[in-house]
1. Can you pull out the residues in region 31-45 that are surrounded by 10 or more Cβ atoms within 10 Å (Cβ to Cβ) and either at pLDDT 95 or above or among the polar types (S, T, N, Q) (or both)?
2. Kindly indicate whether any position in region 80-88 is at pLDDT 90 or above and farther than 27 Å from residue 11 by Cα.
3. Filter region 1-31 for residues that are touching a residue at least 12 places away in the same chain (Cβ under 8 Å) and small (Gly, Ala, Ser); which is farthest from residue 67 (Cα to Cα)?
4. Report whether or not residue 69 is among the acidic types (Asp, Glu), surrounded by 10 or more Cβ atoms within 10 Å (Cβ to Cβ), touching a residue at least 24 places away in the same chain (Cβ under 8 Å) and closer than 30 Å to residue 12 by Cβ.
5. Just a yes or no: is a residue in region 75-89 surrounded by 11 or more Cβ atoms within 10 Å (Cβ to Cβ) and either among the basic types (Lys, Arg) or touching a helix residue (DSSP H, G or I) at 6+ places or on another chain (Cβ under 9 Å) (or both)?
6. Run down 59, 33 and say which single residue is of a type outside the set (A, V, I, L, M) and out of contact with any Ser or Thr (no Cβ under 9 Å at 6 or more places or on another chain).
7. Can you list the helices (runs of 4 or more DSSP H) lying wholly within region 13-90 that have 3 or more residues being of a type in the set (S, T, N, Q)?
8. Of the residues that sit in region 1-12 and are part of a helix (DSSP H, G or I) and of a type in the set (Val, Ile, Thr), which one is nearest to residue 58 (Cα to Cα)?
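The values are calculated or read from the model by the stated rules, or taken from the named source; none is laboratory data. Treat the numbers as computed from the prediction; the structure is a model and nothing was measured. Glycine gets a Cβ as well: all are built from the backbone with ideal geometry, and neighbour counts include every protein chain shown.
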Amino acid sequence: MQSLMATNDVCTLPVYRPLIGFDKREIVEIAEKIDTFETSIQPFEDCCTIFVAKHPVTKPNVEVIRRSEEKLSEKIDEMVETAAAAAELIEIIP
């Protein structure tokens, strides 16, 4: 709960948590029902694997997070420009 509150504190946009009331088995069952499970277990790097902390904090300090957000805000424009410059358009024809 402390982690959720810390996230809410520093975010300016709404954070949607549609699966917050489900346990892992229920989430897997939903994924299987909507045909997303097989995709979700593929060994591709995504934001979860790339940005996950080596030592995740379960009781974050909001002040530390605020300072980190301030540091990020100083670099975000440059990061967006770099990402946009590296963007690749892939046309998928059915």
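1. Residues satisfying the conditions are 32, 36, 40.
2. Quick first cut of region 80-88, residues at pLDDT 90 or above only: 80-88.
Right, trim to farther than 27 Å from residue 11 by Cα and you get 88.
Among the residues of region 80-88, at least one is at pLDDT 90 or above and farther than 27 Å from residue 11 by Cα, which makes the answer yes.
3. Only one residue fits best here, namely 3.
4. Numbers: among the acidic types (Asp, Glu): yes; surrounded by 10 or more Cβ atoms within 10 Å (Cβ to Cβ): yes; touching a residue at least 24 places away in the same chain (Cβ under 8 Å): yes; closer than 30 Å to residue 12 by Cβ: yes.
Considered against the rule, which asks whether it is among the acidic types (Asp, Glu), surrounded by 10 or more Cβ atoms within 10 Å (Cβ to Cβ), touching a residue at least 24 places away in the same chain (Cβ under 8 Å) and closer than 30 Å to residue 12 by Cβ, residue 69 comes out as yes.
5. no
6. On the way: 59 fails: out of contact with any Ser or Thr (no Cβ under 9 Å at 6 or more places or on another chain).
The conditions single out 33.
7. Fully inside region 13-90 and qualifying: 62-85.
8. 7
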